[in-house]
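The next block holds one structure in the form of C-alpha cells; read it before the comments.
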Amino acid sequence: MTIAQVTDRFEIGGGLEHIFQIAKGMPEHSFVIFGKGGKQTEKFTCLPNVSLSQNGYSPTAIESFPVEIIHIHHTRPMLTLLSRRNSLPNIPIIVTAHGLHIRQYFFRHTPWSNMLYYLRLNLEKFLYNKADVVIAVSREDQQFIRNKYGRKDCLYIPNGISATPSRLISAQRDQLRRELGIPPDKFLCLTIARFDFPKGYDVLVDAIALLKSQNALHNLHFLFVGDGKLKAPIYRKIQRLGLESVVCLPGRREDISNLLNLADLFILPSRWEGLPLTLLEAGAQKTPVLASDTWGIREIVQHEETGLLFPVESSRGLAKVLSEILKNNYDLPTLSENLYALVTQKYSYVNMIKRLKSVYSLRGNN
C-alpha cells in the first residue's frame, strides 16, 4: 500500500517521531509524508520507502499521489482534511491523537477559557466523527474521546520503543560532561522537550529558583535539551533569576540515549502529554524519572513505584521532591528497574507496529 502520513510541520515532536517509527517498521509499504515546511526532514532520508511533500496537506495535494490510506497526526491537518471530507470520499482517514490540546484551557486562567474550551470541544467532536478510525495513545485520552466526542470505537494503541539499555563507560561519561560543561561532581537533572507551554519549562525554572533561595542548589545541575518558540523567553528567565551557572541549554541533540545514560534523573514537568516517548526512552535506559502528575504521564509513572510524581504546575511540589531526592529518601535504582520492566512489558515497539499494520490492512482492503 501507499499510505499518506500527515503532520503540520516537519518539526521535532512526538507526532513526527511516531511517523518515522511507522515508516521504519513497515518497509513493505510506501509512505508519503505531508507537512508545511519545517527543518526536521533529514532523518527520513535513510528510509527508501518514504517520500516527502512539504507544500501542505490540502485534499488536492494528497490526491496528486496514489495513496490508499490517510493517517493524520496533528490538529491543523485534521481540520483541513476532515472539514472537507467529501473531497476525499474514497480514501479511508485515520486520526491518531498524540495528546489532546483542548486540555490547555484548564491552565489558561482567563475569562475566555471556558468559552474557548466549549467551542473547541464541539469543533473537535465534529471532526473526530468524520474520521474512519480514531486512535488514542493513552487510556485517559481514549476515554475522553469516547465520552466527550462520542467515538465509542476509539482504539487504544500506545506508543512503543525498543527497550535496549546501553551504558557509557567512565571515559565516555567524563568526555560528554566536559563537552556540555557539566562539573563531574554534580547530580545531573535532564529534561528533553520542546520549549512550549504544554511542556512546563517555566514550572521547572521556578522550582530551581526556589531551591536556590533555600541554598539547596550546591550539588545540582540541569540540562534542558530541545528547541522551540519559548526557548528564548525561558533563557531570559534563567538569566533574570541568576541560574545560568546551574542550567545548560545545548539545543536539539540526537544522542538522546547517551544523555539519558549520563543523567542521574530525568525530569518532565509537562502540563499534559499524550504518551511521551521521552519517558519510555528514560525507562528503556533505566534512568530514574520525576514527572508531573498529569494526563499521559501517570499512565507510565506511578509514584514511588515506577518513578516520582509532583502535582502538575506546582514548582513548590517539584522543588520538594528534588530536595528529598538529594537527601536519599527514595530508592532511585529500584524505581528505574521497575520502570524498565513496565516499558518492556507494555510499550513494545513491535506490538505497536503489529497493531497499526492490522488497522492499515483492514482499511486498505475495504
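Size of the dipole of the chain about the Cα centre, Lys and Arg at +1 and Asp and Glu at -1 on the beta carbon, nothing else charged, in debye to 20?
Dipole size: approximately 800 debye.
Going through the cross-link list K125/K199; K152/K357; K43/K231; K36/K125; K130/K357; K24/K186, which pairs have a Cα-Cα distance over 27 Å in this structure?
Going by Cα-Cα distance, K24/K186 fall outside the 27 Å limit.
Could you give the size of the charge dipole of the stretch 44-149 about its Cα centre, using +1 on the Cβ of each K and R and -1 on the Cβ of each D and E, expressed in debye and rounded to the nearest 20?
Dipole of the stretch 44-149, to the nearest 20 debye: 420 debye.
Please sort by residue number the GluC sites (Glu not before Pro) in the stretch 17-111 whose DSSP state is loop and whose Cβ has at most 14 other Cβ atoms within 10 Å.
Loop-located and lightly packed - E28.
For the stretch 34-114, what does the alpha-carbon gyration tensor say about shape, rounded, prolate or oblate, given a ≥ b ≥ c as the root eigenvalues, a/c under 1.5 as rounded, and a/b over b/c as prolate?
oblate
Taking square-rooted eigenvalues a ≥ b ≥ c of the alpha carbon gyration tensor, is the stretch 204-277 rounded, prolate or oblate, where a/c under 1.5 means rounded and, failing that, a/b exceeding b/c means prolate?
In terms of gyration-tensor shape, prolate.
Under a point-charge model restricted to the Cβ atoms of Lys and Arg (+1) and Asp and Glu (-1), what is the dipole moment magnitude of the stretch 186-319 relative to its Cα centre, in debye to the nearest 20?
520
Would you calculate, for the chain, the mean residue ellipticity at 222 nm contributed by helices, counting each DSSP H stretch of 4 or more residues as -39,500 (n - 2.57) and dividing by all residues, to the nearest 500?
For the chain, the value works out to -12000 deg cm²/dmol.
Can you put D255, D206, D196 in order, fewest other beta carbons within 10 Å first?
D255, D196, D206
In cubic angstrom, how much convex hull volume per residue do the alpha carbon atoms of the stretch 237-308 span?
About 116 Å³ per residue, rounded to a whole number.
Using the charge dipole of the chain (Lys, Arg: +1 at Cβ; Asp, Glu: -1 at Cβ; taken about the Cα centre), state which of P77, Q285, L176 has its Cα farthest towards the positive end.
P77
Of V137, N90, A216, which is farthest along the charge dipole of the chain in the positive direction, counting Lys and Arg as +1 and Asp and Glu as -1 at C-beta?
N90
Loop only per DSSP, at most 11 neighbouring Cβ atoms within 10 Å: give me the trypsin sites (Lys or Arg not before Pro) in the stretch 132-163, ordered by residue number.
Sites meeting the loop and neighbour criteria: K152.
How many angstrom separate the Cα center of the stretch 306-348 from the Cα center of the stretch 109-143?
What the calculation gives is 30 Å, centre to centre.
Across the stretch 170-346, what fraction of all alpha-carbon pairs, as a whole percent, falls in each successive 10 Å bin from zero upward?
Histogram of Cα-Cα distances, whole percents per bin: 10, 41, 40, 9, 0.
In terms of the Cα gyration tensor, with a ≥ b ≥ c the square roots of its eigenvalues, is the chain rounded because a/c is under 1.5, prolate because a/b exceeds b/c, or oblate?
It is prolate, given that a/c is not under 1.5 and a/b is the larger ratio.
Give me the percent relative contact order of the stretch 170-346, please, defined on Cα pairs under 8 angstrom at least 6 residues apart.
Relative contact order for the stretch 170-346 comes out at 22 percent.
Considering the options G242, L188, A341, tell which one lies farthest towards the positive end of the dipole of the stretch 170-346, charges being +1 on Lys and Arg and -1 on Asp and Glu at the Cβ, about the Cα centre.
G242
Counting other beta carbons within 10 Å of each residue's own, what order do C248, C189, C46 fall into, fewest first?
C46, C248, C189
Just want to confirm a number: the relative contact order over the chain, from Cα pairs under 8 angstrom separated by 6+ residues, in percent.
15
No lab work stands behind these numbers, since they all come straight from the coordinates. Here the structure is a predicted model, which is why all the values come from computation and not from measurement. Every residue, glycine among them, receives a Cβ derived from its backbone with ideal geometry; neighbour counts consider all protein chains shown.
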